[in-house]
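Data first, discussion second: the structure below is written as structure tokens.
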Amino acid sequence: MQQRFTNLYDRDRWRRYGYSLTAVGVLCVVLGAVVGSRKDEGAGQVWLVFAALTLGLAISLWMRQRYSYARLDGGQLVFRYLTVTVRIDLVEVRRARIAKLAAAVQGRARTPKGLAGVDALVLQLRHPDTARLRRLLTRRCVFDDELVIPLAGAAVLQRQIEAAVSPHRRAEGPETRPNPSRSRRRNRRR
């Protein structure tokens, strides 16, 4: 099984809002039960509907932080969010590097305070489908031909990507670039 790298945006969102939404939902269930038992069923139903909404939102945040990750799968980089999956072929990756999140998105998006100093994987892509990536990863991660995603273990994933991409680059290298030592020798002889 391939190693999964959790998206830190979703983990941070769960930690900031999930616990309080769960507490509010439980409180509303208790209030709905108490008010409903005192023969005021209309008000009790309102509290129970509000409880269902807040608990539903808390569950969706928990599931998103649990099932949103990136992983390397053969020759593809897989981004998964709940049931939606986007695959990017590694030949489309021009460059993969690690940067601090605040520095990588400076001037392009706001960074949560708790995530400003975490490592983010920065991918420069050749021909990105930005509309689809933006729908999945949100606009705070997709900028023109660049993806900036804070991941747990981003450095490990970056090394895996570089190791997988480097054989492709070596195979393409001799055909696309002239040998610099030969051209220098030719220029010297003339």
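The values are calculated or read from the model by the stated rules, or taken from the named source; none is laboratory data. Remember, predicted model here, so these are calculated numbers, not experimental data. Heads up, the Cβs are rebuilt from the backbone with ideal geometry, glycines too, and the neighbour counts pull from every protein chain shown.
Key figures for this structure:
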| read-out | value |
| --- | --- |
| Enumeration of residues in the range 63-89 that are crowded, with 16+ Cβ neighbours inside 10 Å and aliphatic (A, V, I, L, M) | Ala70, Leu72, Leu77, Val78, Val86, Ile88 |
| Residues of the range 6-23 classified as surrounded by fewer than 20 Cβ atoms within 10 Å (Cβ to Cβ) and not in a helix (DSSP H, G or I), total | 1 |
| Matching residues in the range 34-43 - criterion: being touching a residue at least 12 places away in the same chain (Cβ under 8 Å) and surrounded by fewer than 18 Cβ atoms within 10 Å (Cβ to Cβ) | Gly36 |
| Those residues of the range 2-32 which are farther than 28 Å from Ala152 by Cα, of a type outside the set (Val, Ile, Thr) and in contact with a Leu (Cβ under 8 Å, 6 or more places away or on another chain), in sequence order | Gly25, Cys28, Gly32 |
| Pair list, Cβ < 8 Å and 6+ apart or interchain, from the range 97-125 residues that are touching a residue at least 60 places away in the same chain (Cβ under 8 Å) and surrounded by fewer than 15 Cβ atoms within 10 Å (Cβ to Cβ) to residues that are of a type in the set (Asp, Glu) and part of a helix (DSSP H, G or I) | Gly114/Asp12 |
| Cross-chain or 6+ apart pairs with Cβ under 9 Å, the range 126-152 first and over 26 Å from Gly114 (Cβ atoms) and modelled with pLDDT of 80 or more, then surrounded by 18 or more Cβ atoms within 10 Å (Cβ to Cβ) and among the β-branched types (Val, Ile, Thr) | Arg126/Val93 |
| From Leu61, Leu48, Leu31, Leu72, residue being part of a helix (DSSP H, G or I) and touching a residue at least 24 places away in the same chain (Cβ under 8 Å) | Leu61 |
| Which numbered condition Ser60 fails, given (1) out of contact with any Phe, Trp or Tyr (no Cβ under 9 Å at 6 or more places or on another chain); (2) over 17 Å from Arg13 (Cβ atoms) | (2) |
